[in-house]
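K.L.:
The structure is given below, and queries will be raised subsequently.
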2 protein chains.
Amino acid sequence: MDVDTIIGDSCARDWQTVDSDTVDPVRFAVIGLGWFTRGRALPALADSDLCEATVLVSGSAAKAEQVAAGTAAQHGITYGDFHDGAARDAYDAVYIATPNALHLEYAETAAAFGKHVLCEKPMERDTDRARELVAACADGGVELMVGYRMHTEPAVRRARELIAGGYVGDPVAVDGDMSQRLLDRVNPDPDQWRLDPDLAGGGALFDIGIYPLNTARFLLDADPVAVTGRTSHTHEAFAGVDETVSFALLFPGDVTGRCFASHNARQASSITVTGTEGTVRVEPAFFQDQDRQLHLSRGEGRATVELDRVDQMREEFDYFADRLRGSAPILPDGDHGLVDMRTMEAVYEAAETDRWVSIA
Amino acid sequence: MDVDTIIGDSCARDWQTVDSDTVDPVRFAVIGLGWFTRGRALPALADSDLCEATVLVSGSAAKAEQVAAGTAAQHGITYGDFHDGAARDAYDAVYIATPNALHLEYAETAAAFGKHVLCEKPMERDTDRARELVAACADGGVELMVGYRMHTEPAVRRARELIAGGYVGDPVAVDGDMSQRLLDRVNPDPDQWRLDPDLAGGGALFDIGIYPLNTARFLLDADPVAVTGRTSHTHEAFAGVDETVSFALLFPGDVTGRCFASHNARQASSITVTGTEGTVRVEPAFFQDQDRQLHLSRGEGRATVELDRVDQMREEFDYFADRLRGSAPILPDGDHGLVDMRTMEAVYEAAETDRWVSIA
């Protein structure tokens, strides 16, 4: 991968292995019909040639049917109906977009029915439950992918390819951040599940800090061995979970990472890898509504490459469908997701103890 | 300070209080004639209307005289001559640009002679010696300034004014980095003093990590209360001092900082303050040979302001001269510099102990 290729074909689906003309689309039961599902996931599934939403699952039958009526989905059912096996012949896989602490139960039911699982990140509210989720999918013989949409974001993939190809020399450091004003700009509801430790498991770290964390791992193709961090909050609504988190990572080979995430800072996102020979920076990086820029420096030169915007959720769904219909492995699988769960829990432990914590 | 004003008059010397037509220039004895002095400091002094280099001091009389012959300086003397009081009527102040561990002895002599002191950063090889340096200047009744040239770098000053004026809302986080390839690109000598712990006191942290550290303090107008960090090296030449350092800071009010410095990474430098309402980023930030860019975001908007390049060393010298000839206080004084010394030593202690270390 060189910069000319990136400029010429920045959004190439280098990961695609199957042809939508020759495989059946993957039929999804979509579980959890919050704003992200309605605004992002369902439109992406509607646009996809490799996927379709056939069953919509919500807490309320009326809501499920109402949302289904606005899509091509044939079934709108309740969570209870889903567990009871309603419409189970109408889907091949589930997309789980419920509050974090409910991921496990839907994955267990899906796996028991032999349905593949695409589970939103973080996998669950804690590592133990995430491990149960992995085990349930293994026991059911179904594929499990965790919804890290940066793995199919073209700007991030191009950055990763440049780094793997030696563009920055030996990586030395990675810096990433993601912030937004959750209460003031995104969702003012102080009772939203993201603020409930029992449902969310964590705050800014679990919700958005996982982006720089996971993308750092993806760009370096390495997992952290130790972390430390600090958490804080200013709004009373964040009494139960972190509003802001700052954490530092140590990767093998003395590569260090520094990350920041906040639900009370101006919307911003970036990730930068600095190496012995150059730097690669994606900024803006993580929010879906912004065009991506890839900022490169090497030798005496600097360049900014503007990439077209893709529908990140469609890329993610299509990647999962490609892996189900083809034979290539899923990279962000359950074991991959477990590393983030352990790392995030270690950040919280470090924040409690003022120490660096090793990641087993 | 608003963005229109910055665009219109980005490099205004808002700090200047005296008129070069009405005050005598400050006459400097320049101590230490390494490449930085010859390439940066002496040309800046030659261009200045408020300063002049009248005495050059080196380990070798021949070198001192040879360098002096290429400037307007009347005297080229040895370190021993300086301590003996040679040419002491020919200068009002000293600029100390020797290896770190020699700062104290020249400051002591200068203070005993009643000469003001502009001392390069870091102040000394350790905090105890830096405290002695402060005490010597106080005892001699002379002014002491530490050479933090970012305090008079226009891009950094404009960023600071924006932040002080509420442009980013409440600051939440600061990120800074500085890196270069010391051995491969700057100075290949494995015996250079920067690699000698007795002369330097520290490696990448003392030499360049002090830029993001001090600039973070300057931009936030706050001092850290706790730090942690990691150090590492790959080249054997860095067996005695850190080649790479990663550190995290906690400021009052739960503002967190993340910094990185390396003598073995591609030349890069930046500093970013993220707040509740916006972000301000200077990138490139610290190296003298690059034009500055101020990257701003607030609300839905983003802007990049390009600033003219100034002679940073001339700005620093002129600020010092302005403070000596006028009555305004010096901001980067000895007590200001001591905070960096204590902070950097705490980073090393944290790296040894895997802990966060409070800064007394």
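K.L.:
In whole angstrom, note down how far apart the Cα centers of region B:2-22 and region B:177-231 are.
P.N.:
30 Å
K.L.:
Inside 10 Å of the C-beta atoms of A:255-263, what's the mean count of C-beta atoms belonging to other chains?
P.N.:
Working: counts 3, 11, 3, 11, 2, 10, 1, 6, 0.
The mean count of partner-chain Cβ atoms within 10 Å per residue comes to 5.
K.L.:
How many nm is it between the label spots at A:Ala135 and B:Asp9, if each spot is 7 Å from the Cα in line with the beta carbon?
P.N.:
With each label placed 7 Å out from Cα toward Cβ, I get 7.0 nm.
K.L.:
Between B:Asp21 and A:Ala112, how many nm apart are label points set 7 Å from Cα along the C-beta direction?
P.N.:
The modelled label-to-label distance comes out at 9.1 nm.
K.L.:
Got a sec to turn the phi values of region B:23-30 into Karplus ³J(HN,Hα) couplings, 6.51 cos²θ - 1.76 cosθ + 1.60 with θ = phi - 60°, whole Hz, x for Gly and Pro?
P.N.:
Per-residue couplings from phi come out as 10, 6, x, 7, 8, 9, 8, 9 Hz.
K.L.:
Let me ask something else about it. Quick one: Kirkwood hydrodynamic radius for chain A, alpha-carbon pairs, angstrom, one decimal? Write down the numbers at each step before the final one.
P.N.:
Working: mean 1/r = 0.0481 Å⁻¹.
Every distinct Cα pair counted, the radius reaches 20.8 Å.
K.L.:
If each residue of separation counts as 0.36 nm, what is the full-extension length gain between B:Phe287 and B:Asp333 once their alpha-carbon separation is subtracted?
P.N.:
On the way: separation 46, 0.36 × 46 = 16.56 nm, distance 2.22 nm.
Value of the extension gain: 14.3 nm.
K.L.:
Next question. Could you tell me the distance between the Cα centroids of region A:237-299 and region B:24-44, to the nearest Å?
P.N.:
So the separation of the two Cα centres works out to 40 Å.
K.L.:
For helix B:334-353, what angle does its Cα long axis make with the longest principal axis of chain B, in degrees from 0 to 90 and rounded to 10?
P.N.:
So the inclination is approximately 60 degrees.
K.L.:
Would you mind working out the magnitude of the charge dipole of region A:13-148 relative to its Cα centre, with +1 at each Lys and Arg C-beta and -1 at each Asp and Glu C-beta, to the nearest 20 Debye? Could you put the intermediate results ahead of the total?
P.N.:
Numbers: 11 positive and 21 negative charges, 92 e Å.
For region A:13-148, the charge dipole is close to 440 debye.
K.L.:
Dividing the alpha-carbon Rg of region A:86-170 by 2.2 N^0.38 Å yields what? Numbers along the way, then the final one.
P.N.:
Details: Rg = 16.0 Å, N = 85, 2.2 N^0.38 = 11.9 Å.
Dividing the Cα radius of gyration by 2.2 N^0.38 Å gives 1.35.
K.L.:
Here's a follow-up. Rounded to the nearest 500, what is the 222 nm mean residue ellipticity of chain A from helices alone, with -39500 (n - 2.57) per DSSP H run of 4+ residues and division by all residues? Intermediate results must be reported in sequence, preceding the final value.
P.N.:
Details: 11 runs with 110 residues, N = 360.
It comes out at -9000 deg cm²/dmol, rounded to the nearest 500.
K.L.:
Return the single residue from A:Val347, A:Val305, A:Val156 with maximal mean-square fluctuation; model: Gaussian network over chain A, springs between Cα atoms under 10 Å.
P.N.:
Answer for the Gaussian network model of chain A: A:Val305.
K.L.:
Quick one, what does Rg over Rh come out to for region B:133-248 if you take C-alpha atoms and the Kirkwood Rh?
P.N.:
Working: Rg = 17.0 Å, Rh = 16.5 Å.
Reported Rg/Rh, Kirkwood definition of Rh: 1.03.
K.L.:
Between A:Arg258 and residues 5 or more places away or on another chain, which pairs have amide H atoms under 5 Å apart, with H built 1.01 Å from N, and which residues are they?
P.N.:
Amide H neighbours of A:Arg258: A:Val174, A:Asp175, A:Gly176, A:Leu249.
K.L.:
Specify, for chain A, the residue whose C-beta is closest to the rotation axis mapping it onto chain B, with the distance given in whole Å.
P.N.:
Smallest Cβ distance to the axis, with its residue: A:Arg258, 2.
K.L.:
Continuing with the same structure: If I take every Cα pair under 8 Å that is 6 or more residues apart in chain A, average their sequence separation and divide by the length, what percent do I get for the relative contact order? Can you show the working numbers first?
P.N.:
Details: 799 pairs, mean separation 68.4, N = 360.
Across chain A, relative contact order equals 19 percent.
K.L.:
Taking Cα atoms, how many degrees apart are the long axis of helix B:154-164 and the longest axis of chain B, rounded to 10 and kept between 0 and 90?
P.N.:
50 degrees
K.L.:
Provide an ascending nm list, one decimal, of label-point separations from A:Asn187 to the equivalent residue in each further copy; define each label point as 7 Å from Cα along Cα→Cβ.
P.N.:
Sorted ascending, the copy-to-copy spacings read 5.5 nm.
K.L.:
Count the net charge of all other residues whose Cβ sits under 10 Å from the Cβ of B:Met341, scoring Lys and Arg as +1 and Asp and Glu as -1. Write out the running numbers ahead of the final one.
P.N.:
On the way: positive: B:Lys121, B:Arg125, B:Arg129, B:Arg131, B:Arg342; negative: B:Glu124, B:Asp126, B:Asp128, B:Asp340, B:Glu345.
That sum, taken over residues with Cβ under 10 Å, equals 0.
K.L.:
Which value, in Å³ per residue, describes the convex hull spanned by the Cα atoms of region A:13-148?
P.N.:
Details: hull volume 15.0 nm³, N = 136.
Spelled out: Cα convex hull of region A:13-148, divided by residues, is 110 Å³.
K.L.:
On to the next question. With everything on Cα atoms, drop me the angle between helix A:210-220 and the longest principal axis of chain A, reported from 0 to 90° to the nearest 10.
P.N.:
Computed tilt is about 60 degrees.
K.L.:
Oh, and also: Write down the percent of antiparallel bridges among all DSSP beta bridges whose residues are both part of chain A, to the nearest 5. If you can, show how the numbers build up before the last one.
P.N.:
On the way: 42 of 70 bridges.
Taking every DSSP beta bridge with both residues in chain A, the antiparallel ones total about 60 percent.
K.L.:
Report the FRET efficiency, 1/(1 + (r/R0)^6), for B:Glu236 and A:Arg302, where r is their Cβ-Cβ distance and R0 is 41 Å, rounded to 0.05.
P.N.:
Working: r = 32 Å, r/R0 = 0.77.
Rounded to the nearest 0.05, the efficiency is 0.85.
K.L.:
With the Cα gyration tensor of the protein assembly as shown in hand, give its eigenvalues times 5 under a square root as the equivalent ellipsoid semi-axes, listed largest first in whole angstrom. Working shown, then result.
P.N.:
Values: eigenvalues 622, 104, 102 Å².
After scaling each eigenvalue by five and taking roots: 56, 23, 23 Å.
K.L.:
May I pose another question? Choose one answer from A:Ala41, A:Ala237, A:Ala303: the residue with the largest mean-square fluctuation in a GNM of chain A with alpha-carbon springs under 10 Å.
P.N.:
The residue with the greatest mean-square fluctuation here is A:Ala303.
K.L.:
Springs between alpha-carbon atoms under 10 Å, Gaussian network over chain B: tell me which of B:Ile330, B:Ile271, B:Ile208 tops the mean-square fluctuations.
P.N.:
Looking only at B:Ile330, B:Ile271, B:Ile208, the largest GNM fluctuation is found for B:Ile330.
K.L.:
I'd like the projected area of region B:208-356, averaged over all directions, using the convex hull of its alpha carbons. Report it in nm² with one decimal. Write out the running numbers ahead of the final one.
P.N.:
Details: hull surface 44.6 nm².
In nm², the orientation-averaged hull projection of region B:208-356 is 11.2.
K.L.:
What does a probe at B:Arg88 reach in region B:109-139, counting residues whose amide N is under 12 Å from the point 7 Å along Cα→Cβ?
P.N.:
Answer for this model: B:109-115.
K.L.:
Taking A:Arg38 in one copy and the same position in all the others, each labelled 7 Å out along Cα→Cβ, what are the pairwise distances from the first, in nm, shortest first?
P.N.:
Copy-to-copy label distances at A:Arg38, shortest first: 7.2 nm.
Here, each number is a calculation from the coordinates, and none is a lab measurement. These numbers come from a predicted model, not from an experiment. Quick reminder, even Gly has a Cβ in these numbers, built from the backbone with ideal geometry, and neighbours come from all protein chains shown.
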